[in-house]
Amino acid sequence: MTDPLDEAGTVTGPMVRAWIEKSAGVLADNRAHLTELDGPIGDSDHGNNMDRGFKAVVEKLPAGDDIGALLKSVAMSLISKVGGAAGPLYGTMFLDGAKPLVGKTCLNGEDLAQFFDDAVAGVMKRGRSEAGMKTMLDALVPASEAFKAEIAKTDNIADALKAAAEAAKLGMEATIPMLAQRGRASYLGERSIGHQDPGATSSYLILQAFSDAIEETAK
């Protein structure tokens, strides 16, 4: 059977829906882990918040294959259901990433590169932060860069998403020795060093879910 992703070189609406649903499952599975990471440097609620938010996301997903509409729905649910800074930040990530995709039912590599660019820029603006500050951007920025580098070389979306997830994992792990400069963790000063950032971790999990979902639905 021909691999539809290789044949068409696109990500379809059903694939994006599968990504969102897989993200919800992965965040539910990692709820306790995320909460444990958040304990020493946050409010001990990141796992519960992300799990609750993505449960609401799945419940409220609209019908149809309009990818921009799907991602906008994700954003609205997260903004309304996820507490603290995470709701606005993740909501902005999906909302800004969705804007140029409204009306599209399939995405090519260029569309996805634009999604990453817009999502990262939105989080940077909303959080007034950048990579290196011990935030979700430490996973998102290297993921975006890795995706764009791989898609430029191979034009293979599945491989580019794998590269993005791998870069996000390395970025997540790199937050451990960082000094937090944003959020509640920044109030701890040097005591924030030695802890993995929970936002970078949930970002990695979402990106890994994207890679896994595309690989699975393209078979």
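The values are calculated or read from the model by the stated rules, or taken from the named source; none is laboratory data. Just so it is clear, the model here is predicted, and its values are computed rather than measured. FYI the Cβ positions are ideal-geometry reconstructions off the backbone, even for glycines, and counts take in every protein chain you see. These accessible areas exclude ligands, DNA and RNA; they are computed on the full protein's heavy atoms, side chains included. Shrake-Rupley method; radii C 1.70, N 1.55, O 1.52, S 1.80 Å.
Once the mean 1/r over all distinct Cα pairs of the range 1-83 is inverted, what Kirkwood radius in angstroms do you read off?
Values: mean 1/r = 0.0717 Å⁻¹.
About 13.9 Å, per the Kirkwood formula over Cα pairs.
So how far apart, in nm, are the two label points at residue 117 and residue 152 if each is 7 Å from Cα heading toward Cβ?
The two pseudo-label positions are separated by 1.1 nm.
Pairs 55/153; 22/99; 104/134; 60/148; 72/153; 60/104: which exceed 28 Å Cα-Cα?
Working: 55/153 36 Å; 22/99 22 Å; 104/134 34 Å; 60/148 31 Å; 72/153 30 Å; 60/104 19 Å.
Where the Cα-Cα span goes over 28 Å, the pairs concerned are 55/153; 104/134; 60/148; 72/153.
Starting from the eigenvalues of the Cα gyration tensor, five times each then square-rooted, give me the equivalent ellipsoid semi-axes of the range 41-88, largest first, whole Å. Intermediate values should be presented prior to the final figure.
Working: eigenvalues 109, 19, 9 Å².
They are 23, 10, 7 Å, listed from largest to smallest.
Using the alpha-carbon atoms, what tilt in degrees (0 to 90, nearest 10) does helix 46-59 show relative to the longest principal axis of the chain?
For 46-59 against the chain, the angle is about 30 degrees.
So if I take the centroid of the Cα atoms in the range 131-174 and the same for the range 79-117, what is the distance between those two points in Å?
Distance between centres, Cα-based: 16 Å.
Is there a quick way to get the dipole size of the range 61-127? I mean about its Cα centre, with the Cβ of Lys and Arg at +1 and of Asp and Glu at -1; what is the value in debye to the nearest 20?
Numbers: 6 positive and 7 negative charges, 68 e Å.
Here the size comes out at about 320 debye.
What do you get for Rg/Rh of the range 143-219 when both radii come from the Cα atoms and Rh is the Kirkwood radius?
Reported Rg/Rh, Kirkwood definition of Rh: 1.11.
Under a 10 Å cutoff between Cα atoms, tell me which one of 118, 51, 29 has the largest fluctuation in the Gaussian network model of the chain.
Among 118, 51, 29, the largest GNM mean-square fluctuation belongs to 29.
Roughly how many debye, to the nearest 20, is the charge dipole of the chain about its Cα centre, given +1 on each Lys and Arg Cβ, -1 on each Asp and Glu Cβ, and no other charges?
The dipole of the chain has a size of about 840 debye.
Does the range 77-129 classify as rounded, prolate or oblate by the C-alpha gyration tensor (a ≥ b ≥ c root eigenvalues; a/c under 1.5 gives rounded; else a/b over b/c gives prolate, otherwise oblate)? Write down the numbers at each step before the final one.
Details: a/c = 3.37, a/b = 1.66, b/c = 2.03.
Oblate, since a/c reaches 1.5 and b/c is not below a/b.
Over the range 85-191, with the other protein chains present, what is the accessible area per residue in square angstrom, probe 1.4 angstrom?
On the way: 5020 Å² over 107 residues.
That works out to 47 Å² per residue.
Seen from all sides and averaged, what is the projected area of the convex hull of the Cα atoms in the range 57-169, in nm²?
Mean projected area of the Cα convex hull: 7.0 nm².
Would you please calculate the Kirkwood hydrodynamic radius of the chain over all C-alpha pairs and express it in Å, rounded to one decimal? Walk me through the numbers before you get to the answer.
Numbers: mean 1/r = 0.0587 Å⁻¹.
Answer for the chain: a Kirkwood hydrodynamic radius of 17.0 Å.
Given a Förster radius of 41 Å and the C-beta distance between residue 190 and residue 76 as r, what FRET efficiency does 1/(1 + (r/R0)^6) yield to the nearest 0.05?
Details: r = 38 Å, r/R0 = 0.93.
With a Förster radius of 41 Å, E is 0.60.
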